[in-house]
1. So how do 203-214, 524-535 stack up, highest first, on mean other-Cβ count within 10 Å?
2. Need one number: the % of Cα-Cα pairs in segment 77-150 sitting beyond the 21 Å mark.
3. Counting only residues 5 or more places away or on other chains, whose amide H sits under 5 Å from the amide H of ALA485 once H atoms are built in the peptide plane?
4. Taking the Cα centre of segment 169-305 as origin and charging only Cβ (+1 Lys, Arg; -1 Asp, Glu), how large is the dipole, in debye to the nearest 20?
5. Grab the other residues whose beta carbon is less than 9 angstrom from that of VAL154, score K and R as +1, D and E as -1, and report the net.
6. Over the heavy atoms of MET318, what accessible area does a 1.4 Å probe trace out, to the nearest 10 Å²?
7. Between their Cα atoms, which of LYS108/LYS492; LYS75/LYS290; LYS484/LYS547 are more than 31 Å away from each other?
8. Whenever you get a sec, line up LEU470, LEU310, LEU238 from highest to lowest accessible area (probe 1.4 Å, protein heavy atoms).
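The values are calculated or read from the model by the stated rules, or taken from the named source; none is laboratory data. Because the structure is a prediction, the values reported are computed rather than measured. Cβ placement follows ideal geometry from the backbone for every residue including glycine, while neighbour counts extend to all protein chains displayed. Accessible surface areas use protein heavy atoms only, side chains included; no ligands, DNA or RNA. Shrake-Rupley method; radii C 1.70, N 1.55, O 1.52, S 1.80 Å.
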Amino acid sequence: MLLTLSRLGVAPRSVHRIRLHLPAHARLTTSVLERPQRDEDEETEYWRKRKTEWKRKQGGQTFLDHLIVTVRAGKGGNGCAAFHREKFKPFGPPSGGNGGRGGDIYIKPTSALTTLSSVPNRVIGHAGGHGLGTWQNGRNAEPTVIHVPLGTVVRELPREDPRAAPDEWETEEASLQDLDYHAKQDKMRENRWLHYPRFHEANTYRDSFKDAEAALYKQERERRYERRQRQILNPIDLDLDTEEDGRTVDTTNQALGQRRVDSLGHLIATGGEGGLGNPHFLTDVNRSPKFASRGHEGERITLSLELKILADIGLVGMPNAGKSTLLKAVTGGRAKTEVAGYAFTTLNPIVGVVRVSEDGTFEGSTASQSIHDETNAELVAEREKMERGEYAFALTRNQALNQSDDPYGHRFDLFESFRFTIADNPGLISGASDNVGLGHTFLRSMERALALVYVVDLSGPTPWRELGVLRDELEQYQPGMSHKARMVIANKADLLGGDGDPQQVEEAKEKLRQLEEYVRTEMLIPPSGRQLDVVPTSAKYSQNLQKVVSLMQQYVIEQRTKPLD
């Protein structure tokens, strides 16, 4: 039977008191009553993000560009409380070894990765080895290296951030919250000390143990204060935009026979110190210390990883403007991007490499495929050819290129003189700066591009309005971001070639004229008033791409040779 607050006749604040006296099925009902009512907009936003992430993961798309990682360095090994024993020496000196040091956590950028999907949400370092008798110290733990793609920005979350995990001291405080004073004291001693068998009670009354305990607590306070100061004054903030060469230690004068030390990256969490064996507590008063300290907990931090793709040219356009087709055409089909006739075909950023020879020929112009249709249509045509047996006696790709008159063929590596990268990003819509659509998922990947290129659909009714929306969204997301724009590509300009209905050809030419006028009057880049280049193209039929690639190459060379501020 459902219970309501009105039937209970109590105020909402007293529900938790009555819940203890209700049966199980009634407690479930009252728990629903206590749950705060979500705002309708927040509920809609939550399910929209869930649906977006689900769609992004379809078809093997596991691209991830933002991640919260909880890092916990390795715990130090425990010290050992032991005494030396050998023949004719029944009462030897204390011989317990110290514990090994816990493993550190490093983060290192690598060009082998392009997404954060391989980075775990929780990273725990290796624990140090425990000390043993006969003065055997524990083994130091191996460091753990987190590999992230180039362009990753690493920031440490502050303590007040709700996403930040508690550190080792906050975790201990939470575990001691419901205990009385003596129980807290016993628990804290259990977490810090090891005792020789049958001497646990006796050690707690010795002055030597109390002095060692006071010194340990003092060290903990100092270590905690230093950690808090570091988090406030110098939090972790790394911009991993360059790959390390792997050799950071000068080995010029190193002795022969010693291996060279490879770089581990940037240290983000330090492993805990190992515990001390009982010889460390040997004094003039206490000649047989029967206690040792446990290893210290490793550093615990929470990091925010944000991937900003390192591409020379970034394509900015509305959904279904032809960006994926353009990327596929200029890269010679090497970029594995999906092409379809519906919006938001591209759900994850895709980077392609454009290779150019000395005479300006790019790899896409030498490809055998000059018409780039939708992905599904190409797959269907390929399947039909296989069923008809057309590939039974067909030449291989290398054989066909060898027999062709093309001087480049598959040997384009020999003629390549310049290369740059182009990023195809999810379509931008109005309100993307407010995280509408794919929102920040798209805009975040554009920040690192050397130059931006607008792609508009010339077959649409008003391509100049789309251009204005694109510029405004970039500015609202980050002021000055639209100043990186260098060119406007009027894609799907098939009719400008003169084929088709004369009336449609004239309409296309008129739209191109209005677009050029809009760019000349409304799209000037401050403060110099630089004007954007307008290039009509047809990516589907590989028309006028030579000029596009030539201008892109010019933009990249200018930015790469530009002196740093």
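1. Sorting 203-214, 524-535 by mean packing, highest first, produces 203-214, 524-535.
2. Details: 1362 of 2701 pairs.
Percent of Cα pairs beyond 21 Å in segment 77-150: 50.
3. LEU452
4. Charge dipole of segment 169-305: 760 debye, to the nearest 20.
5. -3
6. Ignoring ligands and nucleic acids, MET318 comes out at about 30 Å².
7. Where the Cα-Cα span goes over 31 Å, the pairs concerned are LYS108/LYS492.
8. Ranked from most to least accessible, the order is LEU310, LEU238, LEU470.
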